[in-house]
Amino acid sequence: MEDVWRRMAAGVGSWPLLGFGRWAVTLKETNQLVGDVGLFNAWRAIEPQFGEDPEMGWVFAPEVQGRGIASEATIAVLDWAEANLGPTAIWAIAHPENAASLALGSKLGFKAMGETLYHGDPTVILKRPAWG
C-alpha cells in the first residue's frame, strides 16, 4: 500500500510541477484498470544522466499483454508529448530480459544506449531522440 500511495502521489504531483505525468489505462468494455503509462522525471542515480528530459514508463497487467493495448497507450503518450512539449529527447529503462518492453521501445523509436546496473539489476538505457 505504501508504494502504491507514493507512486500515485508522485504521479499527481508531477503534472503541476513538470507539465507532464502519467495516465491510468483502462479497458473500454469494462473500465478495468490494466496499466499505467506516462512521462516523469525520476532523477535516477544512473549513467548517463537523463537531466531535465522526461523518462517514459509503462506497466501493464499480464492478462492484456500481446493485445496491442500497450502500443496504443504509449503511442498516445508520445502524440501528446509532441503536441504539448517542445522537442525533447525521452528516456526509458528496461530489464534486458524484458523482451516485450524492449520490442515496444524499439517500435516507438527508442534506441538502446547501453546497459548498466540500477539498484543491482541489469538495466538497458533507452533513448528516443527529440522530434522536430
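The values are calculated or read from the model by the stated rules, or taken from the named source; none is laboratory data. Predicted model only: the values in this text are computed from it and were never measured. Neighbour counts run over all protein chains shown; Cβ positions are idealised from the backbone, glycine included.
Any idea how many residues of the stretch 38-55 are of a type outside the set (Lys, Arg), out of contact with any Ser or Thr (no Cβ under 9 Å at 6 or more places or on another chain) and within 19 Å of ARG7 (Cβ to Cβ)? Counting residues in the stretch 38-55 that are of a type outside the set (Lys, Arg), out of contact with any Ser or Thr (no Cβ under 9 Å at 6 or more places or on another chain) and within 19 Å of ARG7 (Cβ to Cβ) gives 5.
Scan the stretch 55-71 for residues that are polar (S, T, N, Q) and assigned to a helix (DSSP H, G or I) and jot them down. Walk me through it before giving the result.
Initially, the stretch 55-71 is screened for residues polar (S, T, N, Q), giving 65, 71.
Matches in the stretch 55-71: SER71 only.
Within the stretch 111-132, the set of residues being touching a residue at least 12 places away in the same chain (Cβ under 8 Å) and not in a strand (DSSP E or B) comprises PRO129, ALA130, TRP131, GLY132. Within the stretch 70-86, residues that are of a type in the set (S, T, N, Q) reach partners that are assigned to a helix (DSSP H, G or I) with beta carbons closer than 8 Å, at six or more positions or on different chains, in the pairs SER71/LEU104; SER71/LYS107; THR74/LEU104.
Every listed requirement among (1) part of a loop (DSSP other than H, G, I, E, B); (2) at pLDDT 95 or above; (3) out of contact with any Pro (no Cβ under 7 Å at 6 or more places or on another chain); (4) within 22 Å of TRP23 (Cβ to Cβ) is met by THR88 save one, (3).
Within the stretch 23-54, being in a loop (DSSP other than H, G, I, E, B), surrounded by 16 or more Cβ atoms within 10 Å (Cβ to Cβ) and on the phi > 0 side of the Ramachandran plot holds for no residue.
May I ask you to list the residues in the stretch 32-60 that are of a type in the set (Phe, Trp, Tyr) and free of Cβ contacts under 8 Å to residues at least 40 places away in the same chain? Walk me through it before giving the result.
Narrowing the stretch 32-60 to residues of a type in the set (Phe, Trp, Tyr): 40, 43, 50, 58, 60.
Matches in the stretch 32-60: PHE40, TRP43, PHE60.
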